[in-house]
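Remarks on the structure that follows.
The values are calculated or read from the model by the stated rules, or taken from the named source; none is laboratory data. These numbers were taken from a predicted model, which means no experiment stands behind them. Here the Cβ positions follow ideal geometry from the backbone for every residue, glycine too, while neighbour counts run over all protein chains shown. Ligands, DNA and RNA are stripped out before the accessible areas are found, and what is left, the full protein with its side chains, is counted by its heavy atoms. Shrake-Rupley method; radii C 1.70, N 1.55, O 1.52, S 1.80 Å.
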Amino acid sequence: MKLQEYQSKQIFSKYGIPIPRGRVAATASEAKQIAEELGSRVVVKAQVLVGGRGKAGGIRLARNPKEAEELATAVLAMELKGLPVRKVLVDEAASIEKEIYIGITNDRASNRPVMMASSEGGVDIEEVAAKTPEKIVRVYIDPLLGLRDYQARDIAAAIDLPRSAWRSFGEIARGLWNAFTETDSSLAEINPLVITSDRRLMALDGKMVIDDNALFRHPELAEMRDLDSEAAAEIEARKYGLTYIKLDGEIGCMVNGAGLAMATMDIIKLYGGEPANFLDIGGGAGADKVAAALRIILSDPHVKAVLFNIFGGITRGDEVARGILAALAEVKPNIPMVIRLVGTNAEEGRRLLAEADMITAETLTDAAKKAVAAAKGVER
């Protein structure tokens, strides 16, 4: 789950990371009032979960409250990459001498968190990594020990930070680490972290991505979710406890088990098809859950066939079959359905499906071949 800039910076502030004075506004008049309270130049920043806001005109500098109101009116009327701007952050403008990047994420290769920093802040860090990777410093952190003081000093020295700023940088680095771990984040970054004209360090922008699987421990963070940035199908899937990710293919997949779902997607590609989604209905899924999953798959206009791969253990085959038939009766799709059903009550499930003239398969290989062939024969 991605957090908005203002939400990320509020969390950073709780961990001792200095941020500009400012507040979020939903109307232009609120933006004007905030600018009056700040009594200085302000930056009006669109709060949407997309990159490149500045280049798209979503970040504007206002010299006075009246201009802040005018700019907020313009920004709140914008759509950035298809997402409406519903709020703006009005921050006190900073006098910048230098911009730095610092962030933490999980490095799958080393199985540890990694803190990254660069003297090239304020720009796309992926572009820096691609063109000048030597400008990115990486320090791997033992999760049992946490970020050590010497590691923060090593980073400060490696990015040529002035010695007078090392102490402040160390405090910010530790605050970022604590925010990252205590919110169960998969990413926490400040870009840019700036040195101001009065030699202070300040986080002008922030980004956090929270692990969805840990949100049950953070109900206050779960309430921050921005539904505008999420696909309607993924929102619907979450209501039913389904794990769904939309992809770009033409064969919809409904599978019980994450590993089995990955294998199903792989074998579809092996036989020349492209999966349209990852969808794990989980164990013990009843007819209502299966019907909801099928509705979500069929909401994708690119889907030309659906492959069900159900291994009945906790999940009963006859319950899955009834869910499929219930969904078909409700949605009335005009595309082929291929079902591979094995395990508990599989024979009863296959009987129910055969009576409804569904395409069945005994093996996953056979099911994948039939699904790919069926999809190629459909025009949508």
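Only one of the numbered conditions (1) open to solvent by 10 Å² or more (accessible area, probe 1.4 Å); (2) in contact with a Phe, Trp or Tyr (Cβ under 8 Å, 6 or more places away or on another chain); (3) without any contact (Cβ under 8 Å) to a residue 60 or more places away in the chain is not met by D266, and that is (2).
Here region 343-353 is the region considered, the condition is being aliphatic (A, V, I, L, M) and in contact with a strand residue (DSSP E or B) (Cβ under 6 Å, 6 or more places away or on another chain), and the residue that is modelled with the highest pLDDT is L353. Take V75 and decide whether it is closer than 21 Å to V194 by Cβ and modelled with pLDDT of 95 or more. Judged against the criteria, V75 is not a match.
Filtered by the rule that a residue be surrounded by 24 or more Cβ atoms within 10 Å (Cβ to Cβ) and of a type outside the set (K, R), region 338-352 gives V338, I339, L341, G349. If you go through region 156-186 and pick out every residue that is part of a strand (DSSP E or B) and either in contact with a helix residue (DSSP H, G or I) (Cβ under 8 Å, 6 or more places away or on another chain) or surrounded by fewer than 16 Cβ atoms within 10 Å (Cβ to Cβ) (or both), you end up with 1.
So is L328 surrounded by fewer than 19 Cβ atoms within 10 Å (Cβ to Cβ), hydrophobic (A, V, I, L, M, F, W, C) and part of a helix (DSSP H, G or I) or not?
Working: surrounded by fewer than 19 Cβ atoms within 10 Å (Cβ to Cβ): yes; hydrophobic (A, V, I, L, M, F, W, C): yes; part of a helix (DSSP H, G or I): yes.
Considered against the rule, which asks whether it is surrounded by fewer than 19 Cβ atoms within 10 Å (Cβ to Cβ), hydrophobic (A, V, I, L, M, F, W, C) and part of a helix (DSSP H, G or I), L328 comes out as yes.
The condition of being of a type in the set (D, E, K, R) and not in a loop (DSSP other than H, G, I, E, B) holds for D288. Contact map, region 202-217: residues that are touching a residue at least 60 places away in the same chain (Cβ under 8 Å) paired with residues that are open to solvent by 80 Å² or more (accessible area, probe 1.4 Å), Cβ distance under 6 Å, separation 6+ or inter-chain. Pairs shown: V209/K2. The set of residues in region 110-137 that are open to solvent by 20 Å² or more (accessible area, probe 1.4 Å), more than 18 Å from S185 (Cα to Cα) and not in a loop (DSSP other than H, G, I, E, B) comprises I125, E126, E127, A129, A130, K131, P133, E134, K135, V137. Among the residues of region 78-109, those that are assigned to a loop (DSSP other than H, G, I, E, B), open to solvent by 60 Å² or more (accessible area, probe 1.4 Å) and farther than 17 Å from V44 by Cα comprise K81, R108, A109. The residue of region 191-216 that is surrounded by the most Cβ atoms within 10 Å (Cβ to Cβ), among those that are among the polar types (S, T, N, Q) and modelled with pLDDT of 90 or more, is N191. Considering the conditions (1) closer than 29 Å to G22 by Cα; (2) in contact (Cβ under 8 Å) with a residue 12 or more places away in the chain; (3) open to solvent by 50 Å² or more (accessible area, probe 1.4 Å); (4) under 19 Å from the mean Cα position of the chain (by Cα), K246 is excluded by exactly one of them, (1).
Within region 234-249, the set of residues being within 22 Å of A374 (Cβ to Cβ) and either hydroxyl-bearing (S, T, Y) or touching a strand residue (DSSP E or B) at 6+ places or on another chain (Cβ under 7 Å) (or both) comprises Y244, K246, L247, G249. Looking at K32, K45, K14, just one residue is surrounded by fewer than 20 Cβ atoms within 10 Å (Cβ to Cβ) and modelled with pLDDT of 95 or more, and that residue is K14.
Please go through region 69-92 and pick out each residue that is closer than 21 Å to G122 by Cβ and without any contact (Cβ under 8 Å) to a residue 60 or more places away in the chain.
Residues of region 69-92 that are closer than 21 Å to G122 by Cβ, as a first pass: 71, 75, 80-81, 88-92.
Listed by number, the residues that qualify are L71, V75, L80, K81.
In region 51-70, the residue that is nearest to L227 (Cα to Cα) out of those that are open to solvent by less than 30 Å² (accessible area, probe 1.4 Å) and among the hydrophobic types (A, V, I, L, M, F, W, C) is A68. Restricting attention to region 14-68, the residues that are more than 17 Å from Q4 (Cα to Cα), without any contact (Cβ under 8 Å) to a residue 24 or more places away in the chain and in a loop (DSSP other than H, G, I, E, B) total 4. Within region 217-235, the residues that satisfy the criterion of being open to solvent by 60 Å² or more (accessible area, probe 1.4 Å) and either touching a helix residue (DSSP H, G or I) at 6+ places or on another chain (Cβ under 7 Å) or modelled with pLDDT of 90 or more (or both) are R217, P219, E220, L227.
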